[in-house]
Structures are given as structure tokens and as C-alpha cells.
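Contents: one structure, followed by commentary.
The values are calculated or read from the model by the stated rules, or taken from the named source; none is laboratory data. Bear in mind that the values here come from a model prediction, so they are computed numbers and not experimental data. Don't worry about glycine lacking a Cβ; one is built from the backbone with ideal geometry, like all the others, and counts go over all protein chains shown. These accessible areas exclude ligands, DNA and RNA; they are computed on the full protein's heavy atoms, side chains included. Shrake-Rupley method; radii C 1.70, N 1.55, O 1.52, S 1.80 Å.
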Amino acid sequence: MPDPLALALTPQIGPSRLKQALATDLSVAAIAELLGSEIAAAYARTLEQGLAEKEREKAARLGLWLVGMWDRDYPEVLLHLESPPAVLYLKGELPPSERNIGIVGTRKASPWALAWTHKVARELAEAGVGIISGLALGIDAASHKGALEGGGYTLGVLGSAMDRFYPPQNRALAEQMNVLSEFPLGTPPQAGLFPRRNRIVAAFAKAVLVVEAGEKSGSLITARFAAELGRDVLAVPGRPGDAFSLGSNRLIQDGAGLVLNTEDVLNALGVLAPKKQAVQLEGSEAQVYRALLELSEALPDDLAQTTGLSTAETLSVLMMLELKGLVQSSAGRYSPL
């Protein structure tokens, strides 16, 4: 029997041809009349081999939900892409609202960029903003982890099939969140597939935030897709001359919104920041925190010397302040949030 998934799995059937074919009765004869005998013959072989049913069975074993362009649940934002995904392989849920931001950046991120991304993603999640990224190492992973810590929605879009997960280092992270791929099961990671992944990140987001990106970073491809789709492009400035920030700094030069904190992102999204409850500090915690505010950034030994506390006690206090979300550490140095 005619099957839209079989058609989507047939070689030479791209999104534009699939759109055309879905307007027919999906019979082999109709496909032959519309797309030619060669493609119709390939479609017939796909039907005869039962490839669509086998794909559904494999997806079910993996706990995946298949959403095709022909389904009512297919996201409308993806239909506006020049080349929309024919089928979505989904673990979990699709983004529940339009209040989503794509957060992207380099895989070899600086300690400050990882800490900043984690904190901002957590605070955005607490404000009800969904976090979309590519589940890569570095900035992507930091944004997903922050969103999970903030109790919010986060979606990772893969550049490989769901059963050929990449990178393997983030497999445990992926188990805790929503994951999406457009690639048929068995598709390995390939360089040419990651830009396709990036366009989905941009499509689901109201804005795309680039945290740290070099001159040739794939994050800039996501930013370009976002601009083409009419989404806002935001960027975090880096040090002049820093190779890892050259791309994000260029985006700001070209008109991207400059972002320094969570409030800047929320303003760009038109989301009101939740009111924070004041944290009351007493004793050594108040002492260390005041000293850190004055120094802006310090090593534990510096704070111990300033406060008169022992280094061990200072480290213990810093750990508590970090758990309360008041300080962050990077390369052994601490700074207030």
C-alpha cells in the first residue's frame, strides 16, 4: 500500500519532490506520472522491501517518535525552511512554545564562556525560555546542562541518526533531555550534515545567541540561517584579538545584538525577568562575598589573606556561595555573579 514514509526513504526524493508527491494518492503510477519512471521504480522497491515498516519498528525499539511532513504534528516553523526535513526522529517532546533561544558556540570553549553559558542558560530556563542547541561539546553542552539545572525545556538537534549518536561524550547528557534528528536510522555523523542540523536550531528559535565563535565556526552558519529566517542574532563579545571570539565579535560589528547577561537576552526575547529573592548572607559567607565584590576576581589565597580566614575555610565558603549561585569559578579563580 502507498506509504508516505516509504516515499521519504526513497533515494532521489528530496523535500520539494516529497511536497509535490504528497498531493497525489501516493500510488506508484501517480509517482511515475509526476516524477518519472526511474523514481517510481525506486519507490516501488522501497515498498516491496518493507523499508518503511522496518524503520518504524527500529524507531519504536529506540523509543522514538516519527513525525513526517504529512503529519498534523509536524512543526509549522520547519515548513518555512527552503529544505524542510522530510521526517523528524524525536525522543521526548517538540518545543512547547515560541519562547525558545538557540545557543551555539565553539566546541573548544574557554572556561569563562562555559561558566557564563551554563549560568545564563539556567536563568533563562528558570524564566520559562526553552534552550535549543546542537548537543556538541563545549558551548552546546553547557547550554543544555544549564537548562536542565534550571528545570526548563531543552532540545538537542543531532548531525547524525539517533542510533549513531555523536559525540559519544554527551550520550549521558542526551538521556536527560529531548533529542531530534532528521536523518534515517543508521546515518553516521558527516561534516556535511551539521549545517543541516544548524538550520533546525535556527528555525525553532526566536533568536540565536552566539557565545564564543572563531572566524570559521559552524556557529556562524547557524547565525546566518537565523538572519535569513528573520530571527534576531545575538552575540557575546570576546577579547579583541582572541581567535576564539573573532567570529562573534564580527557578528556584533555587523549588527548582532550585544549581550552581556541574562537580562539582555530576556529583553531581546521580550520576556520579563522573574523577580529574584534576595539571599541573606551572614558571618564568613558575607565576609568572603564582600571581599570578592571589591576584588572583582580573586584566587582563594587572595580572599583568605583579605578576610583573615584560613584557605581551607575560604574554599569551603566559596563552595557554598557557588551552590547558592552567587559566585562562579574559572581556572581556579572566583568572581561574583
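Counting only Cβ charges, +1 for Lys and Arg and -1 for Asp and Glu, the dipole size of the range 25-152 around its Cα centre is about 740 debye. Measuring nothing but how far apart in sequence close Cα pairs (under 8 Å, 6+ apart) lie, relative to its length, the chain scores a relative contact order of 12 percent.
Computed extension gain for ALA32 through ASP301, at 0.36 nm per residue and net of the alpha carbon distance, reaches 89.2 nm. For LEU299, nonlocal amide neighbours, meaning residues 5 or more places apart or on other chains whose placed amide H falls under 5 Å from its own, are TYR334. The peptide list 117-129, 288-300, put in order of mean Cβ contacts within 10 Å with the highest first, becomes 117-129, 288-300. Here the dipole of the chain is about 380 debye; that uses its Cα centre as origin and unit charges on the Cβ of Lys and Arg (positive) and Asp and Glu (negative). Each peptide in 166-174, 223-231 gets a packing score, the mean of other Cβ atoms within 10 Å over its residues, and the list from highest to lowest is 223-231, 166-174.
Summary of packing: across the peptides 87-95, 14-22, the per-residue average of other C-beta atoms within 10 Å ranks them, highest first, as 87-95, 14-22.
With 32 Å as the limit, the listed pairs LYS19/LYS108; LYS58/LYS216; LYS19/LYS216; LYS216/LYS324; LYS54/LYS216; LYS108/LYS324 have LYS19/LYS108; LYS58/LYS216; LYS19/LYS216; LYS216/LYS324; LYS54/LYS216 beyond it between alpha carbons. Considering only ALA235, GLY186, VAL211, and ranking their Cα positions along the charge dipole of the range 160-258 that arises from unit charges at the beta-carbon of Lys, Arg, Asp and Glu, the one farthest toward the positive end is GLY186. Give, to the nearest whole percent, the P(r) tail of the range 284-337 beyond 15 angstrom, counting all Cα pairs. Tail of the P(r) past 15 Å holds 30 percent of the pairs.
Per residue, the range 222-266 exposes an accessible area of 53 Å² to a 1.4 Å probe, with every protein chain left in place.
Angle between the Cα long axis of helix 219-228 and the longest principal axis of the chain, 0 to 90 degrees, nearest 10? It is inclined by approximately 60 degrees.
Between GLU149 and ARG61, the FRET efficiency estimated from the beta carbon spacing at R0 = 41 angstrom works out to 0.85. Diagonalising the gyration tensor over the Cα atoms of the chain and scaling each eigenvalue by 5 before taking the square root yields semi-axes of 46, 19, 17 Å, largest first.
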